[in-house]
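First the structure, in the form of structure tokens, and then the observations on it.
The values are calculated or read from the model by the stated rules, or taken from the named source; none is laboratory data. Since this is a predicted model, take the numbers as computed values, not measurements. No Cβ is skipped: glycine too gets one built from the backbone with ideal geometry, and neighbour counts run over all protein chains shown. Areas reflect the complete protein model, heavy atoms only, side chains present, ligands, DNA and RNA absent. Shrake-Rupley method; radii C 1.70, N 1.55, O 1.52, S 1.80 Å.
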Amino acid sequence: DLTHKISLNVDVLPDSLLKAIRVFVLARAIRLCRGQEDKHNSMLINVSRFTRVQQQVRDLVDQYLTVLKNAIRFQYKLPWKEASRSHEMASLEETWREEFSGSGGAWRDVVSRLNDAVAPISAIEVNSGPSSVQLNYEAHAKTGLNVIAVGGLSLSRGLTLEGLVISYVLRNS
């Protein structure tokens, strides 16, 4: 909902945001296939101006990342017919077909890099709240920072996210 109160309880993420997270993971895997291991990769999620709501979204994003990380870690080396029985792996393939199949890369190459792609990704808050994290790209210059930044006004006021791959904005600008 574009207009909501600070008391909004966020229980689930919309399918469009889950897909955006999958696109981010896949884009990182594609970049790894292209030899861009040390590049920064950022995703921006800006769905509310309220830090309380942002924290809830960050927690749900983190939970979904954990689900993806576990599914990938335990499935990506299996024969695809077996791995694709996992809902998360099938969703990743469907998302790849929708968004990247015309990019010239091969799905089998992307699958081989999925674990390396998703493992370092973390979800953080970037706002004025007590659980906000300071983005420090310089500290990760050799390995690249891989982050999903959830925020509001801080993100819409010119904060630069290096290696920005995906922006998910669901509010009036």
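Residues whose amide H falls under 5 Å from that of Ile148, counting only those 5 or more places apart or on a different chain, are Met43, Ser122, Ala123, Ile124, with hydrogens built in the peptide plane.
The candidate values are (1) 60, 44, 31; (2) 64, 39, 30; (3) 47, 34, 27; the one derived from this structure for Cα extents along the principal axes in Å carries the label (3). Close Lys pairs in the chain (alpha-carbon distance under 30 Å; sequence gap of 8 or more, or different chains): 13. For the chain, the solvent-accessible area of protein heavy atoms averages 54 Å² per residue (probe radius 1.4 Å; ligands and nucleic acids excluded). Taking the Cα centre of region 1-117 as reference, the dipole from Cβ charges on Lys and Arg (+1) and Asp and Glu (-1) amounts to some 200 debye.
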